[in-house]
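A quick write-up on the structure given underneath.
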Amino acid sequence: MPDPASQPDPAPAARPAAAARLLAPCRRLLVLAGAGLSADAGVPTFRGAGGLWQTHNVEELASPAAFARNPELVWEWYRERRLTVAMSEPHAGQRAVALLKEHFPGGEVLVATTNEDDLLERAGVVPVIHLHGSLFDTICADGCGWARRDSEDNSLSMRPCPQCGALTRPGSVWFGEALPPGLLDAIRAFDADGCLMVGSSCIVQPVSAIPSDMAVARLPVVEVNLEETPFTGLATCSLRGTAKDVMPPLVDLLTSSTVRDQKRRIT
Ligand SMILES: [Zn+2]
């Protein structure tokens, strides 16, 4: 009989205990979080409903050409998104990621996300690699190097670059733009021996090559997603459900021994 833990299991009925058995021996665990993780907190995904999302294609709003055509429209969309995120709170799935990072026994956890919100940081995850930039960064549109965090009142979006006088723009990575330098290298240098993909169904190249390569190398890749994704066939184990529902029991299984040890030392 083949060992069931080492066989690909694309079936939607896998349980957290099966995923925990796969990930527990890892020493360098990579968590890749996508839109599904933020959607649980009420942050609309690119396909979600509401506001400017309903009347414009994302490609019409999140590209250098869109900004050149109508900077004020693009800024309006970003102010709307910043406001939505500012009014959202981290949920149990995001707090579970923080718990995992802090208490994963005998190993390290690196968290990277394509999400641009700050909910993981607010849940206690530090640092977070933001592959697509941060929603709250404002940068010089002419690339003079000026950049500021703009989470207070969006005031920087109304003013020209204080360094060179050009327009300012959101610091996100837009369609047609390269990822910020060094981020993929940092993930590859981490040399993960296991991957947990949370709500990242539409993860795109070049990031998608990382879990694919790991699966091909027969390293455990666990997927948490509400639906089947292009990765389901490659994943060692797929857990069906929202991050909010699936992550707490999974992280509890992975960290309870650490928490027990700490309690024992305190008492
Ligand atoms: Zn400038």
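The values are calculated or read from the model by the stated rules, or taken from the named source; none is laboratory data. Everything quoted here is computed from the prediction, not taken from an experiment. Every residue, glycine as well, gets a Cβ built from its backbone with ideal geometry; the counts of neighbours run over all protein chains shown. These accessible areas exclude ligands, DNA and RNA; they are computed on the full protein's heavy atoms, side chains included. Shrake-Rupley method; radii C 1.70, N 1.55, O 1.52, S 1.80 Å.
Would you work out the charge dipole size for the stretch 138-229 about its Cα centre, treating the Cβ of every Lys and Arg as +1 and the Cβ of every Asp and Glu as -1, and quote it to the nearest 20 debye?
Taking the Cα centre of the stretch 138-229 as origin, the dipole is about 340 debye.
Roughly what would the spin-label model give for residue 188 and residue 28, points 7 Å off Cα along C-beta, in nm?
Output for this residue pair reads 1.3 nm.
Counting other Cβ atoms within 10 Å of each Cβ, which GluC sites (Glu not before Pro) in the stretch 96-165 have at most 10 and sit in a DSSP loop?
Passing both the DSSP loop test and the Cβ count: 152.
Kindly provide the GluC sites (Glu not before Pro) of the stretch 213-253 that DSSP labels as loop, not H, G, I, E or B, and whose Cβ sees at most 11 other Cβ atoms within 10 Å.
Sparse-neighbourhood loop GluC sites (Glu not before Pro): 227.
Could you list which residues have their amide H under 5 Å from that of residue 194, counting only those 5 or more apart in sequence or on another chain, with H placed in the peptide plane?
The list, which skips near neighbours in sequence, is 28, 30.
Label points 7 Å out from Cα along the Cβ direction at residue 142 and residue 73: separation in nm?
Going from the residue 142 label point to the residue 73 one covers 2.5 nm.
Taking 25 °C and 0.890 mPa s as the conditions, I'd like the Stokes-Einstein D for the stretch 159-203 in µm²/s, using the Kirkwood hydrodynamic radius from alpha carbon pairs.
Answer, rounded: 173 µm²/s.
Using a 1.4 Å probe, how large is the accessible area of residue 114, given in Å² and rounded to the nearest 10?
Estimated to the nearest 10 Å², residue 114 gives 30 Å².
Per 0.36 nm of contour for each residue apart, how much would the distance between residue 218 and residue 17 grow if the chain were fully extended, relative to their Cα-Cα spacing?
70.4 nm
How many nm separate the modelled label positions at residue 227 and residue 167, each set 7 Å beyond the Cα in the direction of the Cβ?
A separation of 3.4 nm, rounded to one decimal place.
P(r) tail for the stretch 193-244, what percent of Cα pairs lie past 14 Å?
More than 14 Å apart: 43 percent of the Cα pairs in the stretch 193-244.
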